[in-house]
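K.L.:
Sharing a structure with you now.
The values are calculated or read from the model by the stated rules, or taken from the named source; none is laboratory data. All values derive from a computational prediction rather than experimental measurement. No Cβ is skipped: glycine too gets one built from the backbone with ideal geometry, and neighbour counts run over all protein chains shown.
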Amino acid sequence: MLKNNKIIIVGGGPSGLFCAYLLLKEDYDVDLYDQSSGLAKKFLIAGNGGLNLTHSEKIDEFSKRYTHNESLFEDLITDFTPGDLRAFCLELGVETFVGTSGRVFPKKLKAGEILVNWSKELKAHPNFNLYLKHSLVDITQSKELTFINEEKTITAKADIIIMATGGGSWKKTGSDGKWLELMDKLKIKTTALKPMNCGFEVSWSEILIKKLDRAHLKNINISFDNHTSRGEIMITPSGIEGGGIYAISNFIRDAITESGESVTITLDLKPDLNLNQVKEKLKSKKNKDSQANHLRKSLNLDKVAITLLNEVSRDITAEMIKSLPIKLNKTNPVDEAISTSGGVLFSELSPNLESIKVPGIYFAGEMLDFEAPTGGYLLQGCFSTAYRVVSGIIS
Ligand SMILES: Cc1cc2nc3c(=O)[nH]c(=O)nc-3n(C[C@H](O)[C@H](O)[C@H](O)COP(=O)(O)OP(=O)(O)OC[C@H]3O[C@@H](n4cnc5c(N)ncnc54)[C@H](O)[C@@H]3O)c2cc1C
């Protein structure tokens, strides 16, 4: 591609910003448009939870996390690895570390430092133009773009367009998923955006709601069908949230959609003990002990676990402790999900993530039809797809 060709990136989240960074390094001219008033607002919010950038596990294990696209992501992540992502952070002056779980975080556990250094570098580049508060509302086959900026209509023409407009959750960050309609117009096929890494609605009793408000239950196993996740959940007045349920939320979501009914998950409140061991510990009850005291002393179960057990029965058994059923009615609203799956189908794209129907339009990041659990897999997916896009453009 000629260096004086006009490249427009739509979307200033990590995917769009990384495309800009790589293209500017190669001395291309880049115009970046975003409808928000600031860059990478979702990335900043992700930083509130520690900013899990990526994971240190081997690539063959890593790529298994991309449920329906394992081999594609093995290829993408081999090209731009978790190590490369850490090296990029270091280029920006931000050190990272591997936590005990193998997850990778910036040393300060925040996104701010990365974003400040990153945007400073982009903005200082003479070939970079940034247009905030510009909403893309139309795009044609001949790569004319129409934006709305504070009620004014602005048009631009590009040789290459990189779409990096994200998923459809946390709309207040600018990621509203409205770009799906623009793809319909271009006849680029997409699938609907669905909540991923999401919580679920549960009809708790009034008693439980009063006793537990945003209470955490740590180090449990959450199982649905043949999927099990180890982690933490949070009990909210309307249901459950948290990393432990997010990890298998796609399977639960699909089962609810397919059956049109609620589904039942089970919690193992003592995953490091087998059923017999739990039974043995329960046997040791002294007469003067209340059931709650006995559960606390013998099995170290806390108020949250005991309240949940009482929600099912007053007569608590070892079987219940190892397999406590919880009925999930539906997913929480898509806007509350950590990410969305669905978006532009890979079958519409070349290996370089360029539209086959409209050559010259490329796609990067969460707007592509992939899903992955939390654990750094989302951001790594964004960076690796952005890297592939730019490799395709500059080759
Ligand atoms: C609470 C929370 C915690 C998270 N924690 C983690 C984590 O620890 N690790 C991890 O890997 N992932 C995490 N994620 C997910 C991660 O932040 C996203 O997957 C990632 O930001 C997606 O990057 P993206 O650049 O593809 O899209 P986005 O970050 O969504 O950026 C898209 C950009 O496009 C702009 N845009 C959209 N439509 C238009 C339009 N029509 N015109 C102009 N601009 C438009 C938006 O304003 C936005 O700035 C978290 C997400 C949330 C909500």
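Residue-by-condition table, conditions (1) within 10 Å of the ligand (Cβ to nearest atom); (2) without any contact (Cβ under 8 Å) to a residue 24 or more places away in the chain; (3) over 23 Å from A337 (Cβ atoms); (4) not assigned by TED's automatic domain parsing to the domain that holds T155:
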| site | (1), (2), (3), (4) |
| --- | --- |
| G13 | yes, no, no, no |
| I45 | yes, no, no, no |
| E57 | no, no, yes, no |
| H68 | no, no, no, no |
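K.L.:
For residues in the stretch 248-291 being among the acidic types (D, E) and outside any helix (DSSP H, G or I), which is surrounded by the most Cβ atoms within 10 Å (Cβ to Cβ)?
P.N.:
Applying the filter and picking the extreme gives D268.
K.L.:
From the residues in the stretch 173-198 that are under 18 Å from S249 (Cα atoms) and among the hydrophobic types (A, V, I, L, M, F, W, C), which one is surrounded by the most Cβ atoms within 10 Å (Cβ to Cβ)?
P.N.:
For the stretch 173-198, the residue satisfying everything is M196.
K.L.:
If a residue has to be out of contact with any Gly (no Cβ under 9 Å at 6 or more places or on another chain), of a type in the set (S, T, N, Q) and farther than 17 Å from L44 by Cα to count, how many in the stretch 91-134 make the cut?
P.N.:
Selection size over the stretch 91-134: 3.
K.L.:
Is it the case that some residue within the stretch 25-37 is aliphatic (A, V, I, L, M), in the same structural domain as G360 (by TED's automatic domain parsing), crowded, with 22+ Cβ neighbours inside 10 Å and touching a residue at least 60 places away in the same chain (Cβ under 8 Å)?
P.N.:
Yes, the stretch 25-37 has at least one match.
K.L.:
Select from the stretch 175-195 the residues that are under 13 Å from E366 (Cα atoms) and within 7 Å of the ligand (Cβ to nearest atom) and write down the one among them that is farthest from the chain's Cα centre (by Cα).
P.N.:
By that ranking, first place goes to W179.
K.L.:
Only residues that are among the polar types (S, T, N, Q), closer than 24 Å to V390 by Cα and outside any loop (DSSP other than H, G, I, E, B): list them for the stretch 56-110, please.
P.N.:
S63, S71, T78
K.L.:
Could you pull out the residue among Y362, Y377 that is under 23 Å from K6 (Cα atoms), crowded, with 18+ Cβ neighbours inside 10 Å and not hydrophobic (A, V, I, L, M, F, W, C)?
P.N.:
After ruling out the rest, the residue left standing is Y362.
K.L.:
For the stretch 111-151, give me each residue that is in a strand (DSSP E or B), among the polar types (S, T, N, Q) and either out of contact with any strand residue (DSSP E or B) (no Cβ under 8 Å at 6 or more places or on another chain) or in contact (Cβ under 8 Å) with a residue 40 or more places away in the chain (or both).
P.N.:
Of everything in the stretch 111-151, those that are in a strand (DSSP E or B), among the polar types (S, T, N, Q) and either out of contact with any strand residue (DSSP E or B) (no Cβ under 8 Å at 6 or more places or on another chain) or in contact (Cβ under 8 Å) with a residue 40 or more places away in the chain (or both) turn out to be N129, S135.
K.L.:
It is to be established whether one or more residues within the stretch 16-36 are part of a helix (DSSP H, G or I) and near the ligand (Cβ under 7 Å from one of its atoms).
P.N.:
yes
K.L.:
Now a separate question. Having 3 or more residues that are in the same structural domain as K42 (by TED's automatic domain parsing) and within 15 Å of the chain's Cα centre (by Cα) is the bar; report the helices (runs of 4 or more DSSP H) wholly within the stretch 302-395 that clear it.
P.N.:
377-394
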